[in-house]
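Below: the structure, in structure tokens.
The values are calculated or read from the model by the stated rules, or taken from the named source; none is laboratory data. Please read all numbers here as calculations on a predicted model, not as lab measurements. Methodologically, a virtual Cβ is constructed for each residue, glycine included, from the backbone with ideal geometry; neighbour enumeration extends over all protein chains shown.
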């Protein structure tokens, strides 16, 4: 079937892609991987970044996003965003921006779908709790000072890369073997630094000392737009802010002016809210596209770049901060972010759930650290396989305590394994584990013991 006249093979698809893309877009033929692609892809009709997208969407970490908090905990109502719906919105906004600018949509989509795979349960609060533990600031978790000095810190974009490079196990090799272009975009969708203390499996192909490529920058700004607009909509729906207060914002005034009479004549509050959110998204996305096109036009003209080869010769240096808002809309967007933080992220009910989340993460880490036998078998097997420790369940019970004290409790590697385990949990699983360990009940059940 590969030779059928109606079927476009990889060569034709790559040629079609090159015709569609702007001279500053990343081509799939430029994709590189840490491991060479296997022979099984010889007749694959997907280009490199499409395969990455599919590997991510079939991963276990991607499926767990549906039970991870964005801002409002997902198990208390049906409609608040989850980490999964946030991810899908980022991908949708990213593709819109990429298509308008003739950037590589497949690359943008793959980065967007993978950018939050390393996010913890309970949103940014779970991340903050793990940082405090690893840096020795949580008095409930007695990490030795020598472990704290070596274990490093935590940040979700680094953990996302750790997930796709190491923790996902679908092939004979660890990780998903994504392209370096997607790996780089996942890491750089939010701030990163070459010296950040985090044990990445490999830094090869990440170009840590250079600005991100343009498709990665698209995902970064799409992430920001999605966060602020959907957090605002969720806040409106639970009435942590009033519609009148939002309408008074300068950015809302600008958006509603663009909407015109269709907005001002709408009497129904829910439809008016929806119109406002759509107007904000339209304003922000349109501004990013226009401002980015203007910056690119001036950059290419100044450098005399007329083709893709010339763009590659330009290097990454001039690409810093190319994709983004105009100066005026950047100011409006900053005001929106401050408003969302003050009235939604910092709302008293959100603070209550954050307080509970910190207690859960701290209690789980304390239990797993003090008594590693409470960990599932697969985590203890990782300690055996990756750190060379004896598998605790094979040891006589009388020798477990001394083994834990001598090896496990002096090991930054074991602290990182516990961090991996907790970071991968969904909200629901973390709460089940907390209840199981801290609140015994006759209704408890055996939990699945598999990676």
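Below are the figures for this structure:
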read-out	value
Selection count, the range 166-180, where residues are surrounded by fewer than 20 Cβ atoms within 10 Å (Cβ to Cβ) and farther than 18 Å from residue 112 by Cβ	7
Every residue from the range 242-265 that is in contact (Cβ under 8 Å) with a residue 40 or more places away in the chain and part of a loop (DSSP other than H, G, I, E, B)	249
Residue in the range 435-443 that is part of a helix (DSSP H, G or I) and either surrounded by 20 or more Cβ atoms within 10 Å (Cβ to Cβ) or without any contact (Cβ under 8 Å) to a residue 12 or more places away in the chain (or both) present	yes
Residue among 308, 268 that is free of Cβ contacts under 8 Å to residues at least 24 places away in the same chain and either surrounded by fewer than 16 Cβ atoms within 10 Å (Cβ to Cβ) or under 27 Å from residue 189 (Cα atoms) (or both)	268
Condition met for residue 282 (out of contact with any strand residue (DSSP E or B) (no Cβ under 9 Å at 6 or more places or on another chain), modelled with pLDDT of 90 or more, over 30 Å from residue 319 (Cβ atoms) and part of a helix (DSSP H, G or I))	no
Matching residues in the range 317-334 - criterion: being part of a helix (DSSP H, G or I) and either under 23 Å from the mean Cα position of the chain (by Cα) or closer than 13 Å to residue 284 by Cα (or both)	319, 327, 328, 329, 330, 331, 332, 333, 334
Which listed residue, of 239, 233, is more than 30 Å from residue 175 (Cα to Cα) and part of a loop (DSSP other than H, G, I, E, B)	239
Residues located in the range 369-401, provided they are touching a residue at least 12 places away in the same chain (Cβ under 8 Å), more than 33 Å from the chain's Cα centre (by Cα) and closer than 20 Å to residue 142 by Cα	400
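The rows are residues; the columns are (1) farther than 28 Å from residue 414 by Cβ; (2) in contact with a helix residue (DSSP H, G or I) (Cβ under 7 Å, 6 or more places away or on another chain); (3) touching a residue at least 40 places away in the same chain (Cβ under 8 Å).
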{"site": "142", "(1), (2), (3)": "no, no, yes"}
{"site": "153", "(1), (2), (3)": "no, yes, yes"}
{"site": "156", "(1), (2), (3)": "no, yes, yes"}
{"site": "159", "(1), (2), (3)": "no, yes, yes"}
{"site": "167", "(1), (2), (3)": "no, yes, yes"}
{"site": "176", "(1), (2), (3)": "no, yes, yes"}
{"site": "185", "(1), (2), (3)": "yes, yes, yes"}
{"site": "192", "(1), (2), (3)": "no, yes, no"}
